[in-house]
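Have a look at the structure below, then the notes.
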Amino acid sequence: EGSARFGSSGARQSDIETDSNGMFSVTVREGSPYRITASLSPYLPGNSTVDLSTPASFDNAVIEMTLKEGATIRGTVVDQASGAPVAGIEVRPGTGGWFGGMGMMQGNRDTVETTDSTGAFKIEGVAKGVVELMACSNTDGQRQVLTQKRVLVEADELDGVKIELPTTGRIEGVFITS
């Protein structure tokens, strides 16, 4: 089972689930082209547009997409100073621009993996090419980018990626008024 996202230009996007055969059905209004994006890990997302701007286009409006398998990235997140593994870090693939926003997702847009107790992560459904991995903390819904690492994915699997988190500290104090 996977998911699909659809919507027309200027309209709110909606998520729908597919059945075990990848089939879905949705009720739409005539008059707009609709864009469908399908995603299922470890595959790359597929996109298609169906034009429902004329009554004739409603007859047999069927979309068929074939999702291509993406690459897998495996690695660990460690503390830069001690080399100790860091658990609970979110790792996401992207194509850059992280510090100016979330950037463009590379491959499956919903892909986010959290490191385990050994600092390990595995991201599936990534497009081949240059990928920027973003490592961030997520505390109480507040995401903070800790670092990013650019990797080149040339094969179906990229193993041994090491993301080093910079050492951080905390400053506490008391304000005194006179």
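For this structure, a couple of remarks:
- Single residue of segment 108-118 satisfying the filter (part of a loop (DSSP other than H, G, I, E, B) and hydroxyl-bearing (S, T, Y)) that is surrounded by the fewest Cβ atoms within 10 Å (Cβ to Cβ): S117
- Pairs with Cβ under 8 Å, 6+ apart, first in segment 17-32 and under 24 Å from L67 (Cα atoms) and open to solvent by less than 50 Å² (accessible area, probe 1.4 Å), second at pLDDT below 70 and of a type in the set (A, V, I, L, M, F, W, C): T18/A4; V28/F6
- Look at segment 66-91: where a residue is under 13 Å from P42 (Cα atoms) and a partner is buried (at least 19 other Cβ atoms within 10 Å of the Cβ) and of a type in the set (V, I, T), sitting 6+ places away or on another chain with Cβ atoms under 6 Å, you get G70/V126; A71/V126; A71/V153; I73/I123; I73/V126.
- If you go through segment 138-151 and keep only what is open to solvent by 80 Å² or more (accessible area, probe 1.4 Å) and either under 15 Å from R92 (Cα atoms) or not in a strand (DSSP E or B) (or both), you end up with D140, R143, Q144, R150.
- First in segment 119-133 and outside any strand (DSSP E or B), second anywhere and open to solvent by 10 Å² or more (accessible area, probe 1.4 Å) and of a type in the set (D, E, K, R), Cβ under 8 Å, 6 or more apart: K128/E154
- Selection within segment 35-48 - in contact with a Leu (Cβ under 9 Å, 6 or more places away or on another chain) and either open to solvent by less than 30 Å² (accessible area, probe 1.4 Å) or not in a strand (DSSP E or B) (or both): A38, S39, L40, L44, P45, G46
- Residues satisfying the stated conditions in segment 62-96, i.e. part of a loop (DSSP other than H, G, I, E, B), surrounded by 12 or more Cβ atoms within 10 Å (Cβ to Cβ) and at pLDDT below 80: I63, M65, T95, G96
The values are calculated or read from the model by the stated rules, or taken from the named source; none is laboratory data. Please read these numbers as outputs of a predicted model, since none were measured by experiment. No Cβ is skipped: glycine too gets one built from the backbone with ideal geometry, and neighbour counts run over all protein chains shown. All accessible areas refer to the heavy atoms of the entire protein, side chains included, with ligands and DNA or RNA removed. Shrake-Rupley method; radii C 1.70, N 1.55, O 1.52, S 1.80 Å.
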